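Here it is, the structure, as structure tokens.
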Amino acid sequence: AQTVTQSQPEMSVQEAETVTLSCTYDTSENNYYLFWYKQPPSRQMILVIRQEAYKQQNATENRFSVNFQKAAKSFSLKISDSQLGDTAMYFCAFPNPNSGYALNFGKGTSLLVTP
Amino acid sequence: GAGVSQSPSNKVTEKGKDVELRCDPISGHTALYWYRQSLGQGLEFLIYFQGNSAPDKSGLPSDRFSAERTGGSVSTLTIQRTQQEDSAVYLCASSLDGQFYEQYFGPGTRLTVT
């Protein structure tokens, strides 16, 4: 079974600081993608970053980067220089090959960025 | 270009009534997914459409739920005889292809069953 675990229900960080959100997953697949999505209060789910499992290099998108540890099945998200607009729910997601690659989501981490 | 759109944005209905939720995917996207987001269950997969293939209905919680996708584009999720536990946000997403392309989400429909 493809399960995704986010162990931090809530986190808080001050503006301009760095925060890391944790995610672990379980799969028997060898080649796959992993995603982090952001859901602000507007409810719109927005892709933050994508990692390809066969790439050893960690993905980076501006202030967002991942620490991908394939052997440990760990996929954490680092947000640098946090901004107030980063306040949102963050979901780690893994495509389930048994359901047309529908996303299995973690329970989410609610991130609050404070001034 | 235009993103995924969903209508209505909010829907309040009485227990026992039927509701239809609509999703317009991004043009050219062959894969379409419905998810449900509720406080107790988090984000759950409901159903998946890929091109003209038969849909994967493995996530539908009961036979009161059904969905169709006409002409490989617009999709409608129907909930018959709604129950209070159906109250949730229903999200639709589309993708160029299932596996290696990110899914683009609509803004969701908040369903409240009274």
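Give me the three principal axis extents of the protein assembly as shown from the C-alpha atoms, as integers in angstrom, largest value leading.
So the three principal-axis extents are 49, 39, 35 Å.
Can I ask one more? Within chain A, which is the longest segment that contains none of the GluC sites (Glu not before Pro) sitting in a DSSP loop with at most 15 other Cβ atoms within 10 Å?
The reported range is A:30-115.
Once the cut-off is 14 Å, how many percent of the Cα-Cα pairs in the range B:64-114 end up in the long-distance tail?
Tail of the P(r) past 14 Å holds 63 percent of the pairs.
Taking the simple approach of a point 7 Å from Cα along Cα-to-Cβ for both residue A:20 and residue A:70, what is their distance in nm?
2.1
Between the range B:8-40 and the range A:36-115, what's the alpha-carbon centroid distance in Å?
Comparing the Cα centres of the range B:8-40 and the range A:36-115, I get a distance of 24 Å.
Using a 7 Å offset from the Cα along the Cα-to-Cβ direction at both residue B:63 and residue A:31, what is the distance between the two label points in nm, to one decimal?
Rounded to a tenth, the inter-label distance reads 4.1 nm.
Compute from the Cα atoms of the range B:4-47 the Rg and the Dmax, the latter being the longest Cα-Cα distance, and quote both in angstrom.
Every Cα atom of the range B:4-47 included, Rg and Dmax give 12.7, 37 Å.
At a Cα cut-off below 12 Å, give the aspartates and glutamates reachable from residue A:70, other chains included and same-chain residues fewer than 8 away excluded.
A:26, A:29, A:52
When averaged across all projection directions, what area in nm² does the alpha-carbon convex hull of the range B:5-113 cover?
Mean shadow area of the hull around the Cα atoms is 6.2 nm².
Using 0.36 nm times the number of residues separating residue A:10 and residue A:63, minus their current alpha carbon distance, what extension gain do you get?
Value of the extension gain: 17.1 nm.
If you filter the range B:1-98 for GluC sites (Glu not before Pro), then keep DSSP loop positions with at most 10 other Cβ within 10 Å, what is left?
Answer by residue number: B:14.
Mind putting together the pair-distance distribution for the range A:3-114? All Cα pairs, 5 Å bins, whole percent per bin, short to long.
Reading the bins upward from 0: 2, 12, 24, 25, 19, 10, 5, 1, 0.
Using a Förster distance of 30 Å, how high is the FRET efficiency between residue B:114 and residue A:98, based on the Cβ-Cβ distance and rounded to 0.05?
That pair, residue B:114 with residue A:98, gives E of 0.25.
Which of B:63, B:18 has the fewest other C-beta atoms within 10 Å, and how do the rest follow up to the most?
Least to most surrounded, the residues fall as B:63, B:18.
Can you pull a Stokes-Einstein diffusion coefficient for the range A:66-115 at 10 °C (1.306 mPa s), Rh from Kirkwood over Cα pairs, as a whole number of µm²/s?
Stokes-Einstein gives a translational diffusion coefficient of 124 µm²/s.
A short reminder: the numbers here are calculations on the coordinates, not readings from a lab. These numbers were taken from a predicted model, which means no experiment stands behind them. Glycine also receives a Cβ, built like all others from the backbone with ideal geometry; neighbour counts cover every protein chain displayed.
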